[in-house]
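Here's the structure, in C-alpha cells; my notes come after.
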Amino acid sequence: MQVVPDFSAIASNSFEKNAYQALHWGKNFFGVAHKLTSNRVGTAVNDVRTLAEQLLEGTPPSLRQQRAQKLDDRTLQLVKERFEAVLEVDWQDAEAGLYPKSLLFDNPWQDFFRYYPQVWWELPGIWDRVRRKQYQEFDPAIDTDNYPKYYLQNFHHQTNGYLSDRSAELYDLQVELVFGGSANIMRRRIIRPIIDAAGYPDKSTRILDIACGTGRTLRMLRSAFPEVQLYGTDLSPTYLRKANQLLIDLPGELPQLLQANAESLPYADATFDIATSVFLFHELPGEARQNVIDEAARVIKPGGIVVICDSIQLADSEELGPAIDSFDKVYHEPYYRDYIRDDLGQRLRAADCKVLDVQVHLWSRYTVACKLA
Ligand SMILES: C[S@@+](CC[C@H](N)C(=O)[O-])C[C@H]1O[C@@H](n2cnc3c(N)ncnc32)[C@H](O)[C@@H]1O
C-alpha cells in the first residue's frame, strides 16, 4: 500500500511553527528595545537630576553613575544561539505531546496592553530610587511585619517589592521584558524532567509549586497535566491573589494556594509526589536556600521528585559569565552573586536527595533530584 503524505497537515504544522517563532522573536526584539530605551532615558533623567542638585548645592558638577555594561559580539551570538535552541526544544516538546500547542501561544495580550503603559509610569520612581541607592523602600501603609529581613527588598527595583497589588499586576510583564519573551518558555522546561523522572502524573499525583508567585508555572502544569492535584505557596499575599485570578478560570480542580514561608512549609511529611520551584533560589541567602531544600525534601514522599529551575550558574555557563555578571546590580538581586556560585547538588545531598539530572536552557538551570527511600 502506498502511503500519501498529508500535505495539508505538513503545511499547517510548518505555518504554526513559523508563527510560534515569529511571536517569540517579536517578543525578544520588543524586550531588548524596551531595555535599551528605558536604560537610556533613565540614565539621561538621572544625569539631569544629579546635575541640577549639584547646581543648587553649589558643588562642582560630576557624574559618577554606574553605566550598564554592553555585551560583546561573541556573547550576543551565544545568547542568540541559546534562544534559537530553546525555541526548538519548546516546539519539539509540544509536538511530542508533553503539553498542548495552545500553551505556546498563551500570551496575556490584555495584560500587555493594560500594564505596559504602567511599566513606564513606574519608571521615574524606580530611577529615583536607583539614584538615591534605596533598595529596601516600602510604602508605610504596607505591613512589612512578619517577613524575613532578606525578603524586604525592592527586587528588580520593583516598587514595594513583592508586597503590593500593583507589583503583582506588573510582575509577569516585567519578567517577560527582562527575559526577552522567554520567561514562560523557561518555566515550561520543568515539564519534561517531571515526566522523565516520575512518569506521566495522574490524578493521584500531588505537585507543590514552592514560591509560585503569580501562578504562571501552575497554569502550565495544569495545562500539561489536567488531572493532577496542584498546590502552590508563596510569601506574598498580593501575588497569591493574582495567582488565584490567573488560575480560577482553568478547567479542572483549582490549585490550592497558601501563604507560607518556603523555609517552613505548612504540610505534613511525605505529602507530595513532586515539588517544583521556579526562579526562587537566586532571591534567597544561602542559609535560606538550604532550609527550603530541606523543607521540599521533607514534604515529598520517599522516591518523590524535586525540580529546581533558576538562573544559570558560573559552573555550568562560564561562557555567559559576562552576561550574568552585572545582573545583580542592574536588577537589584542582592543574593545573586552568591547563588551563581552555590552548589545546589551538595545542598540536595545534605537533604537526603540524589541528583538525577542537570539541564541548562537559555538563562536557566534545572536541577532534578529524587528523595532517597
Ligand atoms: C522571582 S519570583 C518567582 C515567582 C514564580 N515562581 C515565577 O515563576 O515567576 C520569586 C517569588 O518567591 C517568593 N518568595 C521569596 N522568598 C520566599 C520565601 N522565603 N518563602 C516563600 N516565597 C518566597 C516571592 O514572593 C516571589 O513570588
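The values are calculated or read from the model by the stated rules, or taken from the named source; none is laboratory data. Predicted model only: the values in this text are computed from it and were never measured. Here the Cβ is made from the backbone with ideal geometry for all residues, glycine too, and neighbour counts use every protein chain on show.
Some points to look at:
- Filter result (more than 14 Å from the ligand (Cβ to nearest atom) and in a helix (DSSP H, G or I)) within region 123-158: LEU123, PRO124, GLY125, ILE126, TRP127, ASP128, ARG129, VAL130, ARG131
- Answer residue from region 169-184, given it is in a loop (DSSP other than H, G, I, E, B) and within 13 Å of the ligand (Cβ to nearest atom) and is surrounded by the fewest Cβ atoms within 10 Å (Cβ to Cβ) among those: PHE179
- Of the candidates ARG74, ARG40, the single residue that is loosely packed, with under 11 Cβ neighbours inside 10 Å, within 26 Å of ILE324 (Cα to Cα) and at pLDDT below 95 is ARG74.
The rows are residues; the columns are (1) out of contact with any Gly (no Cβ under 9 Å at 6 or more places or on another chain); (2) of a type in the set (Val, Ile, Thr).
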| site | (1), (2) |
| --- | --- |
| TYR151 | no, no |
| PHE155 | no, no |
| SER167 | no, no |
| ASP172 | no, no |
| PHE179 | no, no |
| SER182 | no, no |
| ARG189 | yes, no |
| ILE194 | yes, yes |
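- The listed residue being farther than 25 Å from LYS371 by Cβ and either free of Cβ contacts under 8 Å to residues at least 12 places away in the same chain or touching a Leu at 6+ places or on another chain (Cβ under 8 Å) (or both), out of ALA224, ALA323: ALA323
- In region 316-373, the residues that are farther than 22 Å from GLN290 by Cβ and touching a His at 6+ places or on another chain (Cβ under 7 Å): TYR331, HIS332
- Every listed requirement among (1) within 16 Å of the chain's Cα centre (by Cα); (2) away from the ligand (no atom under 11 Å from the Cβ) is met by SER236 save one, (2).
- Positions within region 159-168 being more than 10 Å from the ligand (Cβ to nearest atom) and either surrounded by 20 or more Cβ atoms within 10 Å (Cβ to Cβ) or of a type in the set (Gly, Ala, Ser) (or both), in sequence order: SER164
- Scanning region 141-158 for residues that are among the polar types (S, T, N, Q) and within 19 Å of GLN174 (Cα to Cα) gives GLN153, ASN154, GLN158.
- Which listed residue, of ALA262, ALA243, ALA288, ALA275, is in a helix (DSSP H, G or I), within 13 Å of the ligand (Cβ to nearest atom), among the aliphatic types (A, V, I, L, M) and under 26 Å from SER182 (Cβ atoms): ALA243
- Of the residues making up region 195-240, those that are part of a helix (DSSP H, G or I) and under 20 Å from SER167 (Cβ atoms) number 8.
- Of the candidates ARG216, ARG187, the single residue that is buried (at least 20 other Cβ atoms within 10 Å of the Cβ), charged (D, E, K, R), near the ligand (Cβ under 10 Å from one of its atoms) and under 20 Å from GLU95 (Cβ atoms) is ARG187.
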